[in-house]
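Take a look at this one; I'll ask things after.
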Amino acid sequence: MSTDTSAATQPVSAASIDEAAERIRAVVSTTPLQPNQRLSAASGANIWLKREDLQPVRSYKIRGAYNLIAQLDEAEREAGVIAASAGNHGQGVALACAQLGIRGRIFVPSNTPRQKRDRMRELGGAHIELIMTGTTYDEASRAAKQAAAETGATTVSAFDDPRTISGQGTIAHEIVEQLGFAPDTVVVPVGGGGLLSGCLTWLAERHPGTKVVGVEPSGAACMAVALEAGEPRELKKIDTFVDGAAVRRAGDLTYSIVSAFNPPMYSVPEGRICSEMLALYQTDGIIAEPAGALAPASLGLYKPAPGETVVAILSGGNNDLSRYSEIAERSLVYEGRKHYFLVNFPQEPGALRRFLDEVLGPDDDITLFEYVKRSNRETGPALVGVELGDPANLEGLLARMQSSPISVEVVSPDSPFYRFLV
């Protein structure tokens with residue numbers, strides 16, 4: 001493979017990040033840094049959002065991809081590049097290939113949202129070929145590495161290359177330039193750890209008083225697992241809902257950098273991320289993808305000091321609008337408003353009416369009712385979804401169910417059947 005170049009083996013430093021900032025300046029936008037009143041009021045701190053969703057590819061990934069590809073020599077450019085991506089990195093690679101006139105092949109998992117796949121094709125045009133393989137980023141990555149070994153193309157890593165890390169670390173450089181001073185804390189979303197590694201490196205050298213906090217989705221907390229184990233470990237299973245950060249194994253290089261600094265790490269439940277996505281949209285007018293909402297969703301789990309200046313990196317906005325029904329559902333479940341039950345109704349007139357009158361509260365609403373009458377049985381099971389007016393009303397609802405002659409079974413969120421519903 002042609003990835004073993006002098007540039008690929010150089011260490012990441014504040015100087016390499018400053019050089020990357022100059023290299024990418026003509027292609028990468030200086031994205032807005034905006035104060036957020038909603039998050040500031042909720043936390044008591046001064047919260048700013050770094051709007052990387054407003055990049056040309058609607059995520060920060062263009063920074064690392066362009067910085068790496070722009071440094072290839074003539075022979076490497078002729079051989080082309082290969083990348084694996086859950087969507088955002090691929091868009092960065094596609095745009096970089098189009099800008100630099102280089103051929104690229106991008107391997108994506110089959111569950112990559114259509115919106116991201118279409119954008120890769122639009123951005124790269126005739127310069128890129130999109131290949132769907134596997135169901136996770138890691139499976140796509142293995143296929144990409146094999147193809148690179150067979151063809152001699154350069155692998156454009158999404159996170160585990162010093163050139164990628166240096167490009168992504170330019171966000172920290174930019175934040176300080178825009179604020180005019182170093183913030184107290186920068187909250188960084190984490191997938192494979194490239195962005196976290198870059199921010200840690202630059203801030204440690206230039207502004208060591210700034211704290212860097214890493215946040216991962218609870219269903220794919222590979223960096224926290226690596227830090228606890230003392231080495232990168234492959235997660236046995238991951239939740240791919242936060243597709244932009246659903247990485248099964250932290251990078252070797254990113255782990256070595258992150259472990260040297262050992263930043264505080266927080267795992268954010270996917271339902272909490274969904275609630276933040278809805279708040280960003282409904283209150284702030286921001287369309288964020290799940291990975292994009294990861295850092296602001298962590299506020300409340302990570303509790304900044306009153307008056308502290310905190311920058312949360314809103315990393316991407318490539319969200320498929322067709323996902324909002326699932327996003328709303330996950331949010332309601334996380335907030336304790338949505339519950340499912342198996343109800344055994346007596347097969348007699350008025351049974352449903354008694355359930356509505358005697359069991360449901362006045363502010364509760366049935367959102368799902370699936371029932372098949374069986375004439376040869378005394379009871380008939382129904383799957384019932386209930387949305388509570390107030391999550392605090394659950395205890396009363398369960399008590400009324402317990403005292404009712406109608407048999408009711410709670411569908412636990414841990415049940416495999418529950419995953420069929422949400």
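Bear in mind that the values in this text are calculations on the coordinates, not laboratory data. Quantities reported herein were computed from a predicted structural model and do not represent experimental measurements. In this analysis, Cβ positions are derived from the backbone assuming ideal geometry, glycine residues included, and neighbour counts consider all displayed protein chains.
Can you give the FRET efficiency for GLN178 and THR379, using 1/(1 + (r/R0)^6), R0 = 56 Å, r = Cβ-Cβ distance, to the nearest 0.05? Don't skip to the answer; put the middle values down first.
Values: r = 64 Å, r/R0 = 1.15.
With a Förster radius of 56 Å, E is 0.30.
Which listed residue (LEU200, ALA221, ASN46) has the Cα farthest towards the positive end of the charge dipole for the chain, taking +1 on Lys and Arg C-beta and -1 on Asp and Glu C-beta about the Cα centre?
ALA221
Each label point is 7 Å from the Cα along the Cα-to-Cβ direction; what then is the distance between the points at ALA305 and HIS207, in nm?
1.6
Anyone know which of GLU129, GLU205, GLU370 comes out most mobile in the 10 Å Cα GNM of the chain?
GLU370
Mind giving me the nanometre distance, one decimal, between the label points for GLU326 and LEU398, set 7 Å out from Cα along Cα→Cβ?
So the two model labels end up 2.8 nm from each other.
Take the Cβ-Cβ distance between VAL410 and ARG354 as r, set R0 to 22 Å, and report the resulting FRET efficiency rounded to the nearest 0.05.
0.70
Given PRO189, TYR266, ALA83, which one lies farthest toward the positive end of the charge dipole of the chain, if we put +1 on the Cβ of every Lys and Arg and -1 on the Cβ of every Asp and Glu?
ALA83
Could I ask something else about it? On a 0 to 90 degree scale, rounded to 10, what angle separates helix 324-334 from the longest Cα axis of the chain?
70
Scale the Cα Rg of the range 176-300 by the rule-of-thumb value 2.2 N^0.38 Å and send over the ratio, two decimals.
In units of the 2.2 N^0.38 Å rule of thumb, it is 1.05.
How big is the charge dipole of the chain about its Cα centre, in debye rounded to the nearest 20, if each Lys and Arg gets +1 on its Cβ and each Asp and Glu gets -1 on its Cβ?
Numbers: 39 positive and 51 negative charges, 96 e Å.
Around 460 debye, computed over the chain.
To continue, here is another question. Where does helix 137-151 land angle-wise versus the long Cα axis of the chain, in degrees 0 to 90, nearest 10?
30
If a/c stays under 1.5 just call it rounded; otherwise compare a/b with b/c (prolate if a/b is bigger, oblate if not). Do that for the range 84-184, with a ≥ b ≥ c from the square roots of the Cα gyration tensor eigenvalues.
prolate
What is the Rg over Rh value, at two decimals, for the range 68-114, using alpha-carbon atoms and the Kirkwood definition of Rh? Don't skip to the end; give the middle numbers.
Details: Rg = 11.1 Å, Rh = 11.1 Å.
Answer for the range 68-114: 1.01.
Here is a follow-up. If I stretch the segment between GLU139 and GLU231 completely, what's the gain in nm (0.36 nm per residue apart, minus their alpha carbon distance), one decimal?
31.1 nm
Right, something else. When N counts the residues of the chain, how does its alpha-carbon radius of gyration compare numerically with 2.2 N^0.38 Å, as a ratio? List each step's numbers first, then the result.
On the way: Rg = 24.1 Å, N = 422, 2.2 N^0.38 = 21.9 Å.
Compactness ratio reported: 1.10.
Once label points are set 7 Å from the Cα along Cα→Cβ at both ASN344 and ILE131, what is their separation, rounded to one decimal in nm?
5.5
Could you give the size of the charge dipole of the range 1-105 about its Cα centre, using +1 on the Cβ of each K and R and -1 on the Cβ of each D and E, expressed in debye and rounded to the nearest 20?
Using only the charged Cβ atoms, the result is roughly 580 debye.
Show which lysines lie in cross-link reach of LYS116 when reach means a straight Cα distance below 24 angstrom and same-chain residues fewer than eight apart are skipped.
LYS50, LYS61, LYS145, LYS237
Further question on the same structure: Considering every pair of different Cα atoms, what Kirkwood radius, in Å, is found for the range 288-395?
On the way: mean 1/r = 0.0576 Å⁻¹.
Value: 17.3 Å, from the Cα pair sum.
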